[in-house]
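Computed from the coordinates by the stated procedures, all read-outs in this text should not be read as laboratory data. Here the structure is a predicted model, which is why all the values come from computation and not from measurement. Glycine also receives a Cβ, built like all others from the backbone with ideal geometry; neighbour counts cover every protein chain displayed.
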Amino acid sequence: MKNKVQNIEALAQTKFLSLYNANYINKGGNKKTWTIATRKSKEVLEDQFFNGKEDKVDAVVILAYHKEEKKLVAIRQFRIPLNNYVYELPAGLIDNNDDIISTVKRELKEETGLDLEEVIENKMGQKLYLSPGMTDESVSLVYCTCSGKISDENLEEDEDIETMLLSKEDAIKILNSGERCDIKFFMALQSFVQMGEEIFK
């Protein structure tokens, strides 16, 4: 036997996030319940669970290399669930009518003020899950190059973001600092320290 979801019950729904209970029978034949956080409606979730519909990527995470400065783009953002700042990569939700590249261009400009130059096509598009024990949220990790000057003039009212450009030496300091880091950011820094700009080829 395998675990099998029987039905989904809505617990709470907000503009950007909803909670559902998934009632399932586990491989031992016992009835269980798992709480899921998702950005999807109940109808879309049921279509995926029971009709085999493929889920779409929810967001982009941007691994950007500044061409002139020869440095990695990073942000330090205040996150309400932590009530503190955390190091991250620029990122953003994919709107209904947008594709991955247009989202990268928009979010990079909004969060950092920098301009998208080139997306590394052979490293784009894979759907990656962030915390599958809690949520079905997925992202596409997009490698790209950028140019321009850092600016905060395009930030939304709720966005409290500081942008920085990191050399290998800067990256090593952050990795060893014990500062709060998003896991995607931490792993990107490790790759950047090991490979430098080669990860953008």
R0 = 30 Å: FRET efficiency of GLN126 with ASN26, Cβ-based, nearest 0.05? 0.50
Long-range share for segment 52-170, i.e. C-alpha pairs more than 24 Å apart as a percent of all pairs, stands at 26
Unit charges at the beta carbon, dipole of the chain: most positive-side option, GLY113, ALA37, CYS146: ALA37
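Does segment 1-97 classify as rounded, prolate or oblate by the C-alpha gyration tensor (a ≥ b ≥ c root eigenvalues; a/c under 1.5 gives rounded; else a/b over b/c gives prolate, otherwise oblate)?
prolate
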In segment 38-104, which trypsin sites (Lys or Arg not before Pro) fall in coil by DSSP and have 13 or fewer other Cβ atoms within 10 Å? LYS53, LYS56, LYS70
Only Cα pairs under 8 Å and at least 6 apart count here; give the relative contact order of the chain as a rounded whole percent. 20
For THR33, project a label point 7 Å along Cα to C-beta. Then give me every residue of segment 125-167 with its amide nitrogen under 20 Å of that point. 133-136
In terms of the alpha carbon gyration tensor, root eigenvalues a ≥ b ≥ c, rounded if a/c is under 1.5 and otherwise prolate when a/b exceeds b/c or oblate, segment 34-82 is oblate
Please enumerate, by chain and number, the lysines with C-alpha under 28 Å from the C-alpha of LYS168, excluding those fewer than 8 residues away in the same chain. LYS67, LYS70, LYS71, LYS105, LYS109, LYS123, LYS127, LYS149, LYS184, LYS201
Given segment 4-51, report the % of alpha carbon pairs whose separation exceeds 15 Å. 42
If you project the alpha carbons of the chain onto the principal axes, what extent comes out on each, in Å, largest first? 58, 36, 36
Calculated FRET efficiency, LYS42 and MET1, Cβ-Cβ r, R0 22 Å, to nearest 0.05? 0.25
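Which value in deg cm²/dmol, rounded to the nearest 500, describes the helix-derived mean residue ellipticity at 222 nm for the chain, given -39,500 (n - 2.57) per DSSP H run of n ≥ 4 and division by the residue count?
-6500 deg cm²/dmol
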GluC sites (Glu not before Pro), restricted to segment 125-198: which are DSSP loop and have at most 10 other Cβ atoms within 10 Å? GLU153, GLU156, GLU157
